[in-house]
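Scroll down for the structure; my scribbles are underneath it.
Laboratory data are not the source of any read-out in this text; all were calculated from the coordinates shown. Predicted model only: the values in this text are computed from it and were never measured. Every residue, glycine among them, receives a Cβ derived from its backbone with ideal geometry; neighbour counts consider all protein chains shown.
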Amino acid sequence: MGRWEPGARSRLAQAALELFIERGYEATTVADIAARAGVTERTFFRHYADKREVLFGDPGEYNAVFTDAVAAAPADASPLDAATAALRAAGEWFEGRHPYARRRAAVIDAHAALQEREQIKRLHLSEAIAGALAARGTAPGAAALAAELTTVAFHQAFACWVAADEESDLGDIAVGVLAELRALAR
């Protein structure tokens with residue numbers, strides 16, 4: 001595949017994951033990833049800062065799935081009801097991505113540096129959700145708490161979802177986890 005063909009970013013992500021699984025994260029170089037994807041190293045660095053980032057995609061796009069759903073929730077929705085809408089939207093966004101997500105999670109779980117990056121991604125998601133809730137008029141403290149509960153629910157649901165052999169409805173799992181958190185708080 002020539003470097004001028006479209007889809008370089010997704011080819012790089014797929015190539016990186018395949019190589020990380022085949023050779024291990026540490027043994028895989030940017031040059032290896034670029035070669036597998038059929039692009040130059042320069043093209044790799046136009047899309048990603050380093051080989052770690054290739055596993056984390058576009059954080060803006062990812063966060064927007066949640067924040068757009070919070071913003072679109074009915075005006076009278078409580079912060080946790082808006083969070084429920086965000087969890088359902090995230091479930092829809094992940095439809096069909098189970099095989100990739102499952103393999104990606106295995107690579108991340110095997111490396112502390114990648115786990116750290118995943119936690120940073122989670123923190124940014126929580127901050128984005130809190131901002132979206134605050135923009136709806138939720139008090140800052142309540143927005144931060146609801147956002148943390150949302151990210152905890154999603155993280156727990158995602159772990160269950162990728163552990164399953166077959167794809168199920170991630171949104172349903174996440175909403176169920178949030179319901180459990182609500183019940184615990186009563």
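What distance in nm separates the simple spin-label points at Glu95 and Glu53, each placed 7 Å from Cα in the Cβ direction?
Calculated label separation equals 3.1 nm.
What's the angle, to the nearest 10 degrees (0 to 90), between helix 98-109's Cα axis and the longest principal axis of the chain?
80
If I fit a long axis through the Cα atoms of helix 8-23 and take the longest principal axis of the Cα atoms of the chain, what angle between them do I get, 0 to 90°, rounded to 10?
Roughly 80 degrees between the two axes.
With θ taken as phi - 60° and the coefficients 6.51, -1.76 and 1.60, list the Karplus ³J(HN,Hα) couplings across the range 133-148 in order, rounded to whole Hz; mark glycine and proline as x.
Using θ = phi - 60°, the values come out as 5, 4, 5, 7, x, 6, 4, x, x, 5, 5, 5, 5, 5, 5, 4 Hz.
Give, in nm to one decimal, the length gained when the segment between Ala112 and Glu18 is fully stretched (0.36 nm per residue of separation minus the Cα-Cα distance).
Values: separation 94, 0.36 × 94 = 33.84 nm, distance 1.92 nm.
That pair, Ala112 and Glu18, stretches by 31.9 nm at full extension.
Along the positive direction of the dipole of the chain (beta-carbon charges: Lys, Arg +1; Asp, Glu -1; about the Cα centre), which of Ala75, Tyr62, Leu87 reaches farthest?
Comparing the listed Cα positions along the dipole, Tyr62 ranks first.
Average projected area of the Cα convex hull of the chain, in nm²? Kindly include the intermediate steps, with their values, before the conclusion.
On the way: hull surface 45.8 nm².
The Cα convex hull of the chain, projected and averaged over all directions, gives 11.4 nm².
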